[in-house]
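Working notes, beginning with the structure itself.
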Amino acid sequence: MVRGTDARLRAGSKAAEYLEDVLTVGARLGVRYDDPLTFVEVVEVVEVAEVTSVRIPSGRLVVDSPWTDEEPRELAERIAPGVYRVDAAWVEAPHEFMDEYVSGRECAAIRLCVSDDPVVGWEMSLAVGDDIERLEKGQEVGFETDTAMGCFSDAVAWPALTAPFRRFWEECETCEPGAFVSRDTEALCDGYFERSADESQSADLLTFMANEGHSVVWLGRTENGRVASVVVTPHLGVLA
């Protein structure tokens, strides 16, 4: 148990086991929803291709939908200003579809690595302004999105980082089919991730796939209570 962790935020045994397994190559998370003999297995935990870090110069981290029209969900937990590695955990559940072999590959977790110290406990992350005394037993806290997309971002640079992201996608929705739309962001890993950078503030935003609806933001703490990981785990379409 992590010193100082509030029991209302602490991950239950199943959630904690899943968080450990989803970040462990070779771990089996369950079976395919349509085939109890095919396991969903973690095959890679790797740095996001072409993006080895996210710059958080203010130490104030937002984990939210980049499309939110409200104040972004800034974590109450501060981290040291710096540059942080981002990892993605990938699972596969091989099967046949229309007489072809497919891997069933999905992104199962996205992790901001604050440090490489061992994680000994997991808890839900409160946001700035959240009142833990109003948290009911069994209630989950996190961010909401109807676009199945979340992001890691520096809080201070949020307006500058979301502007080019929003402009590109809003223009794509309104342009003629086949028309070219210039972009000031970078698509990564076949569109699983998108990076927006603001060089004037040396800050970044990185989008990732999230749950449509509610997503919990998990903090992995070390034995001394420090945060080592910030993790979001999207629901897997292949998992029973």
Inset, instruction - Give a residue-ordered list of calculated ³J(HN,Hα) values for the stretch 175-188 (Karplus: 6.51 cos²θ - 1.76 cosθ + 1.60, θ = phi - 60°; whole Hz; x for Gly, Pro). - result: 7, 5, x, x, 6, 7, 10, 5, 9, 10, 10, 10, 7, 10
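Using r as the Cβ-Cβ distance of residue 85 and residue 226, and R0 as 25 Å, what FRET efficiency do you calculate, to the nearest 0.05? Walk me through the numbers on the way to the answer.
Values: r = 16 Å, r/R0 = 0.66.
For R0 = 25 Å, the calculated efficiency reads 0.95.
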Legend entry - By average C-beta atoms within 10 angstrom, highest first, the peptides 134-146, 192-204, 150-162: 150-162, 192-204, 134-146
Legend entry - Estimated D of the chain in µm² per second, where Rh is the Kirkwood radius over Cα pairs and Stokes-Einstein applies at 37 °C, 0.692 mPa s: 175 µm²/s
Legend entry - Relative contact order %, the chain, counting alpha carbon pairs below 8 Å whose residues are six or more apart: 26 percent
Inset, instruction - For residue 53, put the label point 7 Å out on the Cα→Cβ axis and report which residues of the stretch 210-232 keep their amide N under 17 Å from it. - result: none
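Give me the Kirkwood hydrodynamic radius of the stretch 5-109, using the inverse of the mean 1/r over all pairs of distinct Cα atoms, in Å to one decimal. All intermediate terms of the calculation are to be shown ahead of the outcome.
On the way: mean 1/r = 0.0601 Å⁻¹.
Value: 16.6 Å, from the Cα pair sum.
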Legend entry - residue 102-residue 24 FRET efficiency (beta carbon distance; Förster radius 25 Å; 0.05 resolution): 0.60
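Given 0.36 nm per residue, what is the gain on full extension from residue 202 to residue 190 after removing their alpha carbon distance, in nm? Don't jump to the answer; show the numbers that get you there.
Numbers: separation 12, 0.36 × 12 = 4.32 nm, distance 2.51 nm.
Full extension of this stretch gives 1.8 nm more.
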Inset, instruction - Round to the nearest 0.05 the FRET efficiency obtained for residue 183 and residue 133 when R0 = 41 Å and r is the Cβ-Cβ distance. - result: 0.40
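Between residue 174 and residue 144, what length in nm is gained on full extension when 0.36 nm per residue of separation is reduced by their alpha carbon distance? All intermediate terms of the calculation are to be shown ahead of the outcome.
Numbers: separation 30, 0.36 × 30 = 10.80 nm, distance 2.51 nm.
Here the answer is 8.3 nm.
A short reminder: the numbers here are calculations on the coordinates, not readings from a lab. Every value quoted in this text rests on a predicted model; they were computed, and no experiment measured them. Counting neighbours? That spans all protein chains shown, and the Cβs are built from the backbone with ideal geometry, glycine included.
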